[in-house]
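This report refers to the structure that appears directly beneath it.
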Amino acid sequence: MSVACARPGCTVSTRLLRVSDAVGAGETPLMFCKQCRSVRHCSRECQASHWPKHKEQCNKMKAVRSTPLLL
Ligand SMILES: [Zn+2]
Ligand SMILES: [Zn+2]
């Protein structure tokens, strides 16, 4: 199983889900979107350039996540 950067056109991916594992293996760790934590990007640049497209999905995911199901 591998995880790819969410920005369309970016081919960076990693097999390792934990940032510490990826760094240890010399791979690029992908960072979760801090808002929705449902997509990953390889860099701030990818995050920033994907944001206009991701924004709508991100706000939806954030709304779902903020629903208090586990109180
Ligand atoms: Zn990327
Ligand atoms: Zn997001």
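Note down the magnitude of the dipole of segment 3-65 about its Cα centre, charges +1 on Lys and Arg C-beta and -1 on Asp and Glu C-beta and zero elsewhere, to the nearest 20 debye. Let's see the in-between values first.
Values: 12 positive and 4 negative charges, 68 e Å.
My answer is approximately 320 debye.
Starting from the Kirkwood radius over alpha-carbon pairs of the chain, derive D by Stokes-Einstein at 20 °C in a medium of 1.002 mPa s and give it in µm² s⁻¹.
Numbers: Rh = 12.9 Å.
Estimated via Stokes-Einstein, D reaches 166 µm²/s.
Normalised by the residues of segment 3-65, what does the relative contact order come to in percent, with Cα pairs under 8 Å and at least six apart? Each step should come with its number before you reach the end.
Numbers: 83 pairs, mean separation 18.9, N = 63.
Worked out over segment 3-65, it gives 30 percent.
Pop a pseudo-label 7 angstrom from the Cα along the beta-carbon direction at both ALA63 and LEU17 and give the gap in nm to one decimal.
Distance between the two pseudo-spin positions: 2.8 nm.
Since every read-out is calculated from the coordinates, none of them should be taken as a lab result. None of the values given here were measured: they were computed from a predicted structure. For neighbour counting, all protein chains shown are included, and Cβ atoms are generated from backbone atoms with ideal geometry for every residue, glycine included.
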